[in-house]
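Read the structure below first, then the notes.
Readers should treat all values here as calculations from the given coordinates under stated rules, not as data from a laboratory. Keep in mind that this is a model prediction, so the values were computed, not measured. With ideal geometry, Cβ positions are generated from the backbone for all residues, glycine too; neighbour counts draw on all protein chains shown.
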């Protein structure tokens, strides 16, 4: 009988990884999902708007000039001079940072625009074009669409009424999707500008306001949806990879192929090491690819971003192995996968919305990872700013991998 | 004097309160097949798992090829081959890939996997995915996988279970060939005929204990009853059978009487089977 030569741990681990790669490549469902994910998420990123519309576009009818004209006689009687009236006609009621006014000829047109049956476009020269969408008119070329969800209709006697201290009625049209807070803000805007039109001071003394922004003031330079999507895209890819890896581990357990390996010179440590390395490498490569596709790398951040993806890959591989070890079948695995991965996605979704994340979201292992991805790719954070989150991500990765190795080892031994 | 390849002394194992293996002892020598014969749940697979290192024995121990039983010993595992009852093959890989992968775990750089597949009759299906194999083909692949490292000791758990007679015969031939080339083989089965045909010695295991251990021939001699079965034509034309035990006082006389009778049709010797001996010793059937 021939005694086989002693074999090094590296060769055993290498053999298992080679086998895993072969099985991974033959799992058509996950291979298809991975390729589809990379392609579709890459495309999704580039079709997302890369600008933030910070101003609310407000339609007003009739035009201010007309309102002044209609109230001219009454205003003269109230003692308004012709210069004052001309000053009113030229007044710019829009607020550069928050509200832009678009003047429309009639209430009917304003209604159609808010309802969406008509669309408004602005040409490069600043002219307004109306497209009757319901009648099937073509989109005007070389003009961009103005998204108008709010409109105000002033009565012809508005200025005279306000100036004379009479009650006046103003109609505010709003699209059903406009939030309540915005509607309330517009009502305030109408009141303030009504007094301004009538040449009167507001009936109350407003306190001086001083806004103090903690951290960088992002007014005018807010993160676009595209930028905010980066961590979410990377997470989706890691999620597909997590499912694929979990499937690889659970198949090995369910078909008891790992038992056959245990009677070879392989030790359980070799098996666990191969799974961790393989999963991390696969997740790392896919994370790298999606971040390359969405243009996240710069000459300054590539090393930091490499480190972040590596830690993230380790974290998700740990989760994948936990899912793989826990599942007793496809359905089990699916349920565990959802249980584990949905919470991990929450911080990435939270980034899409303004405001500070709740304290419970900060406790989710993926929170520092999302913060790192946003910080490095959007805010151009460096090593020093990223160190606390890097340490937290590393800690979570080690904890999750440690837990998954313990669970998987126990499971393998119990087969 | 030839040293035993496997030497087991007072091996015990329990699943919680259930003692599955109770202080069993046996030896297997190179070139010998020991058939572990017992019904389901008798402790055959538990014994096998304890010997190959998948379970840590609670008590007792022994040696396999000079290596202590119950230790995590990769050096020992390079010299043993195991064929499990469940077909734990990589279904998405081909037969050849399955063998080559296992060979790589043993550090065999250029495995002769193709020759092994041809030996088990799978040469023409070497590149096919195992998922497309029949049960018999998978079992032949399991056997060839157990042979990949040319082991000195083979552990075969129900190697022909549920197979058609032709495939089972092929596998039995392969097992015999391995034993003839010097491998010590522990064969667990509840197939009495297989144990009788293949094993050099048979161990009856029941409720975790070895109740008898010897060659099939000796067990039959020791526990079997000498008897003949006689067929006669009765006065009414009906055929009747009579079993005559030869070890009784009346037996030989009755046989002589019937032998001279004109109604005698046939006389057959009634040989004891391993199954009948097992029932005699344990009160249980093997298939149960």
Practice problem: Determine the shape class of the range B:225-271: with a ≥ b ≥ c the square roots of the Cα gyration tensor eigenvalues, call it rounded for a/c under 1.5, and otherwise prolate if a/b is greater than b/c, oblate otherwise. | Solution: prolate
Quiz item: Taking Cα pairs under 8 Å and at least six residues apart, what relative contact order does chain A come out at, in percent?
Solution: 18
Practice problem: When a/c is below 1.5 the answer is rounded, else prolate if a/b is larger than b/c, else oblate, so apply that to the range B:126-171 with a ≥ b ≥ c taken from the square roots of the Cα gyration tensor eigenvalues. | Solution: oblate
Quiz prompt | Among B:217, B:86, B:257: highest mean-square fluctuation, GNM of chain B, C-alpha pairs under 10 Å | solution = B:257
Exercise. Over the range B:173-233, calculate the relative contact order: mean separation of alpha carbon pairs under 8 Å at least 6 apart, over the residue count, as a percent.
Key: 18
Quiz item: How far is helix A:367-377 tilted, in degrees, relative to the longest principal axis of the Cα atoms in chain A, given as a value from 0 to 90 rounded to the nearest 10?
Solution: 70
Quiz item: Going 7 Å from the Cα of residue A:107 in the Cα-to-Cβ direction, what parts of the range A:152-172 have a backbone nitrogen less than 18 Å from that spot?
Solution: A:152-162, A:167-172
Exercise. Using only atoms on other chains, find how many Cβ atoms lie within 10 Å of each Cβ of peptide A:252-260 and report the average.
Key: 5
Exercise. Give the peptides B:125-134, A:318-327, B:24-33 in descending order of average Cβ contacts within 10 Å, highest first.
Key: A:318-327, B:24-33, B:125-134
Exercise. Could you sort B:148-157, A:299-308 so that the peptide with the highest average Cβ count within 10 Å comes first and the rest follow in order?
Key: B:148-157, A:299-308
Quiz prompt | Within 10 Å of each Cβ in A:7-16, the average number of Cβ atoms from other chains | solution = 3
Self-check item: Nearest 10 degrees, 0 to 90: helix A:9-26 Cα axis against chain A principal axis
Solution: 50
Quiz item: Rounded, prolate or oblate: which fits the range B:63-217 when a ≥ b ≥ c are the square roots of the eigenvalues of the alpha-carbon gyration tensor, with rounded for a/c under 1.5 and prolate only if a/b beats b/c?
Solution: oblate
Quiz item: To the nearest 10 degrees, how steeply does helix B:95-105 sit against the main Cα axis of chain B, on a 0 to 90 scale?
Solution: 70
Quiz item: For chain A, what is the mean residue ellipticity at 222 nm derived from helices alone (per DSSP H run of n ≥ 4: -39500 (n - 2.57); sum divided by total residues; nearest 500 deg cm²/dmol)?
Solution: -19500 deg cm²/dmol
Exercise. Tell me what chain B gives for mean residue ellipticity at 222 nm when only DSSP H runs of n ≥ 4 count, each as -39,500 (n - 2.57), the sum divided by the residue total, rounded to 500 deg cm²/dmol.
Key: -9000 deg cm²/dmol
Quiz item: Which FRET efficiency value, to the nearest 0.05, is calculated for residue A:303 and residue B:109 with the Förster distance at 41 angstrom and r the Cβ-Cβ distance?
Solution: 0.60
Self-check item: Inter-chain shielding of B:82-95 (mean C-beta neighbours from other protein chains, 10 Å cut-off)
Solution: 4
Practice problem: Please list B:267-275, A:154-162 highest first by mean number of surrounding beta-carbon atoms within 10 Å per residue. | Solution: A:154-162, B:267-275
Exercise. Compute the projected area of the convex hull of the Cα atoms of the range B:1-112, averaged over all viewing directions, and report it in nm² to one decimal place.
Key: 9.0
